[in-house]
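Note sheet for the following structure.
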Amino acid sequence: MAKRKIKNVLPGFGISLGFVLAYASLLVIIPLLMVFINSSQMGWGGLLATVGDSRVLAALRLSFLTALFAAAVNGLFGLLLAWVLVRYSFPGKQIINGLVDLPFALPTAVAGIVLATLYSKEGWIGQFLPFKAAFSEIGIVIALIFIGVPFVVRMVQPVLEELDPQMEEAAASLGASRIRTIGKVIFPELLPSLLAGFGLAFARAVGEYGSVIFIAGNMPYKTEIAPLLIMTKLEQYDYQGATAIAAVMLIISFAILLVINILQQRFAGRITEKGV
Amino acid sequence: MEAVQVIEPSSTEKKIQKLTTEPKWVQAILIAIVVLFIGLFLIIPLIAIFTEAFAKGADVYFAAIVEPDALAAIRLTMIVLAISLPINIVFGVAAAWAISKFRFKGKNILLALIDLPFAVSPVIAGLVFILLFSSHGLLGPLLESYDLQIVFALPGIVLATLFVTMPFIAKELIPVMQAQGSEEEEAARTLGASGWYMFRHVTLPNIKWGLVYGAILCSARTIGEFGAVSVVSGHIRGMTNTLPLHIEILYNEYQFSAAFAAASLMSLIAVATIIIQHILHWKKGADLGRE
C-alpha cells in the first residue's frame, strides 16, 4: 500500500496515457478499422469473390510463401551470426556487427534497385548464378532475406550474451558432448528469442513492398506480391478490391503478432522466475 | 569473476573450458560462412551502390544531385522529417512515461498497440488514409467542401510516415526508463519540484542518449519510407515526390546513374546512422548505469 502512495507522487499519468491513447486511436486504430468496415460492407459474398480471384490468391500465396522461406533463412543465418558475434573473436567483427543494422537504416527502394542490378543476368552476382535470380521468385526471396537480416540477430544476441556459462560447464562436466550441450542446454534458452525474431522477420517480409518490386519482375500470377496488387488495384480505383486484400493480410499479420506477444510474455515470465 | 580468473585453472577446469567452446577449425568455418553471408547480402550491395552512382563519372553524379527535381525531393523529405520527428518524440516520451512509471490495467494491450505498425504492410498504412481522405473516401466529400487536400499532398505523406514510424522512439525509451526506476523522480517531487521541473532536470538528462538513439532510428526510417508514402503521394514531380520516390522514377526511366547517385546520398545517411547508433549504444548503456 505504501508503495502505491509513493507511485502517486509522479505526475502526468493521466495526460500521458490520454495523449498516447488518443494519438494511437486517431492515427492507427480508426484508420485500420476503416479496412474492416469497408470490407464488411462488401458482405461475405463480395469479399470471397475478390479474395478468391485466382490472381489475388496467387499473389497472397506468393507473399506468404516467399516471406516464410526468407524468414527461415534469416532464422538459420541470424542464429549463426548471433553465435559468432557473441562467442568468437576475429578481425572485423565490429564492422560485421554494425553492418547487421544496415537493412534497418537503408531505404527499401535503395535496397531494391541495387539488389535488382546485382542479381540480374549481367549483374556482378547474377552472371555467376546458373539460374535466373532477379525477376523471379528467387529474386523476391533475396530481397526479403536482405531486409530481414537484423531481426533474428538482434533478438538472439542479447539472450546469448546474458546466458549463464555455468549451465554449459555443468553439462560438459557431467559428460555431455558439445553438440549435445548446444542442442539440449543452449538452444532451448535461445528458442523463444529465435521464434520472436523469426516472427518479426516474417511479418515484415509479408508486407514488404519497396525492396521487392524492383527485383520481382511483377508478372501477374507469377511474381506479383500481394502489396503490389493492392497498389495496382488502388491505381485502377478498385478500392474495394484493394481493401479486401488488405483485410486478409492484416488478419494474418495480427495472428502472427499475437503469437509473438505470447512468446515474449512467456519469455519475460522465465526471466523473472530466474531473477527473483 | 576476476578473482576466479586469477586462480590457475586446474586440469579439469581446462578440460571443461575446452568442452564449452568449439574446436578452432569449427570456429573458422562458422566465421567464414557468416562473413560470406554478410559479404554477399550487405557488403557487395553497399559497394555496388557507389560504383553504379559513379559509373558515368563525377559530373553525371553531381548533376543528378543538384537537378531541380532531386533538390525538390530532398527538400520535401526534410520538411516531412521536420514535421514528424517532433511529434514522434512527444509521443515516444509520453508512451514510455506512462508505461514505465505507472501500473495500470491493459498495459500489455497498449504495448501491442504501439507495436501494431510493425505488423502492418506499409502499403496498407498508405491505403487506410486513401480510404479516409480521398475523394471517394469516408471524409472525402467533407474535405472537398472545405477545399482541403490531405492525400496526394504533404499532409497525407506526413500522416503515412507518422503511422509507420510510431513505435520507434517509444520502443527505445521504454527499456531505458524501466531500468532506471522512479526513485530519482520521486525524490525530486518529494523535495517540492514541479512536474515540468522534475522532467527537465531529472528525467530528460537520464534518458537523453536513449532519446537521441531512438530519434536517429526514427529519422532514418522517415527519410527512407517508400511503400506508405508511395500510396499517398500522388507522384507529382517536384511537388509530392520524396527522395525514395524520386529514385524509383529515375530507375524506371533507365537513368541508372542518376538513380544510384540519389541512392548513394541515402546510403551515406544510412551508414552515418549506423555509426552514430553504435557510438550512442554505449552512451545509452551509461544511461542504464552499465558500461
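The values are calculated or read from the model by the stated rules, or taken from the named source; none is laboratory data. Note that the structure is predicted; figures quoted are calculated from it, not measured. Counting neighbours? That spans all protein chains shown, and the Cβs are built from the backbone with ideal geometry, glycine included. Calculation scope for accessible area: heavy atoms of the full protein, side chains included, ligands and nucleic acids excluded. Shrake-Rupley method; radii C 1.70, N 1.55, O 1.52, S 1.80 Å.
Computed quantities for the displayed model
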{"read-out": "Count - residues of region A:128-148 that are over 22 Å from A:MET219 (Cβ atoms) and open to solvent by 10 Å² or more (accessible area, probe 1.4 Å)", "value": "1"}
{"read-out": "Checklist (1) at pLDDT below 95; (2) more than 10 Å from every other protein chain (Cβ to nearest Cβ) applied to A:LEU33, failing item", "value": "(2)"}
{"read-out": "Residue match in region B:151-165 (condition: more than 7 Å from every other protein chain (Cβ to nearest Cβ) and in contact with a Cys (Cβ under 6 Å, 6 or more places away or on another chain))", "value": "yes"}
{"read-out": "Considering residues of region A:74-89 that are open to solvent by 30 Å² or more (accessible area, probe 1.4 Å) and either among the acidic types (Asp, Glu) or out of contact with any Leu (no Cβ under 7 Å at 6 or more places or on another chain) (or both) only, the residue nearest to the other protein chains (Cβ to nearest Cβ)", "value": "A:PHE77"}
{"read-out": "Enumeration of residues in region B:51-73 that are open to solvent by less than 60 Å² (accessible area, probe 1.4 Å) and within 13 Å of chain A (Cβ to nearest Cβ)", "value": "B:GLU52, B:ALA53, B:ALA73"}
{"read-out": "Near pairs, Cβ below 6 angstrom, 6+ apart or cross-chain, from region A:58-86 (at negative phi) to any residue that is open to solvent by 40 Å² or more (accessible area, probe 1.4 Å) and not in a helix (DSSP H, G or I)", "value": "A:ALA58/A:TYR221"}
{"read-out": "Residues located in region B:95-110, provided they are touching a residue at least 24 places away in the same chain (Cβ under 8 Å), more than 7 Å from chain A (Cβ to nearest Cβ) and over 18 Å from the mean Cα position of the chain (by Cα)", "value": "B:ILE99, B:SER100"}
{"read-out": "Qualifying residue in region B:133-148 (condition: facing chain A (nearest Cβ under 10 Å), modelled with pLDDT of 90 or more and out of contact with any Lys or Arg (no Cβ under 7 Å at 6 or more places or on another chain))", "value": "yes"}
{"read-out": "Verdict on B:GLU185 being open to solvent by 20 Å² or more (accessible area, probe 1.4 Å) and acidic (Asp, Glu)", "value": "no"}
{"read-out": "Residue check, A:TYR239 touching a residue at least 40 places away in the same chain (Cβ under 8 Å), surrounded by fewer than 24 Cβ atoms within 10 Å (Cβ to Cβ), more than 10 Å from chain B (Cβ to nearest Cβ) and among the aromatic types (Phe, Trp, Tyr)", "value": "no"}
{"read-out": "Residue within region B:214-234 that is in contact with a Lys or Arg (Cβ under 8 Å, 6 or more places away or on another chain), away from chain A (no Cβ under 11 Å) and buried (at least 24 other Cβ atoms within 10 Å of the Cβ) present", "value": "yes"}
{"read-out": "Any hit, region B:199-207, residues being more than 21 Å from the chain's Cα centre (by Cα), open to solvent by 10 Å² or more (accessible area, probe 1.4 Å), within 12 Å of another protein chain (Cβ to nearest Cβ) and not charged (D, E, K, R)", "value": "yes"}
{"read-out": "Any hit, region B:33-46, residues being modelled with pLDDT of 90 or more and more than 8 Å from chain A (Cβ to nearest Cβ)", "value": "yes"}
{"read-out": "Odd one out for B:PHE118, checked against (1) under 20 Å from A:LEU33 (Cα atoms); (2) open to solvent by less than 30 Å² (accessible area, probe 1.4 Å)", "value": "(2)"}
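Residue by residue, here is whether (1) facing chain A (nearest Cβ under 10 Å); (2) touching a helix residue (DSSP H, G or I) at 6+ places or on another chain (Cβ under 8 Å); (3) surrounded by 15 or more Cβ atoms within 10 Å (Cβ to Cβ); (4) under 30 Å from B:ASN206 (Cβ atoms) holds:
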position	(1), (2), (3), (4)
B:ASN241	no, yes, yes, no
B:GLU248	yes, yes, yes, no
B:GLU253	no, no, no, no
B:PHE256	yes, yes, yes, no
B:ALA261	no, yes, yes, no
B:ILE279	no, no, no, yes
